[in-house]
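Following: one structure in structure tokens, then a few remarks.
The values are calculated or read from the model by the stated rules, or taken from the named source; none is laboratory data. Keep in mind that this is a model prediction, so the values were computed, not measured. Heads up, the Cβs are rebuilt from the backbone with ideal geometry, glycines too, and the neighbour counts pull from every protein chain shown. SASA here: full protein model, heavy atoms, side chains in, ligands and nucleic acids out. Shrake-Rupley method; radii C 1.70, N 1.55, O 1.52, S 1.80 Å.
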Amino acid sequence: MKHIGLGIVLGLGLACSALSHAADPDQIMGYWRTIDDETGFAKAIVHIQKAKDGTYLGTVAETVERPDYKPAEFCNGCPAPFTNRRIIDMPLIWNMKPDPRKDLHYIGGYAIDPLSGKIYAGDIRLSPDGRRLSMRGKVIGAGFLNRSQTWLRESNYRPK
């Protein structure tokens, strides 16, 4: 009987720990490797942090080179305030807020593609293991143009 009671207590403790971990909206913070939805290759490392207003902001920490590909240095065809801005340290996502109805979901934010200048309104879903971000967005002004990307957590990344 002692073993059953201890098992229930331990099980409840683990369940509460998992729930509190899953409900922590700051899990989104950290470094993420962006994976291009068209090529499947990594393009940048983005640092997501909490902005002063309590929303989440992701800035480009570095771009990823590979053979036969040199990353762009400046935002191409981007509207103000991104016009001709250096991509490194540029906000890539902003205004993301935790969805009060769903754990691990972030809504109300925007993302910019610095290669096309298109701005997307969208949301983010964090995987339960905290290792992947699934991003989905619609081009502002052309809601039928959707785009999705998956980003991978960079646990061991150290800024240059």
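Tabulated data for the structure shown
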item	result
Region 50-99, subset aliphatic (A, V, I, L, M) and assigned to a loop (DSSP other than H, G, I, E, B), residue most open to solvent (accessible area, probe 1.4 Å)	A80
Single unsatisfied condition, S116 versus (1) modelled with pLDDT under 95; (2) more than 23 Å from R86 (Cα to Cα)	(2)
Residue, farthest from T59 (Cα to Cα), within region 94-131, restricted to residues that are over 12 Å from the mean Cα position of the chain (by Cα) and of a type in the set (S, T, Y)	S116
Out of G109, G122, sole residue that is small (G, A, S), in a strand (DSSP E or B), open to solvent by less than 70 Å² (accessible area, probe 1.4 Å) and modelled with pLDDT of 95 or more	G109
Residue match in region 88-97 (condition: in contact with a Gly (Cβ under 9 Å, 6 or more places away or on another chain) and touching a residue at least 60 places away in the same chain (Cβ under 8 Å))	yes
Among the candidates D26, D68, residue that is modelled with pLDDT under 95, charged (D, E, K, R), out of contact with any strand residue (DSSP E or B) (no Cβ under 6 Å at 6 or more places or on another chain) and farther than 22 Å from G109 by Cα	D68
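Okay, residues lined up against (1) surrounded by 14 or more Cβ atoms within 10 Å (Cβ to Cβ); (2) out of contact with any Lys or Arg (no Cβ under 6 Å at 6 or more places or on another chain):
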{"position": "D129", "(1), (2)": "no, yes"}
{"position": "L133", "(1), (2)": "yes, yes"}
{"position": "R136", "(1), (2)": "yes, yes"}
{"position": "V139", "(1), (2)": "yes, no"}
{"position": "N146", "(1), (2)": "no, no"}
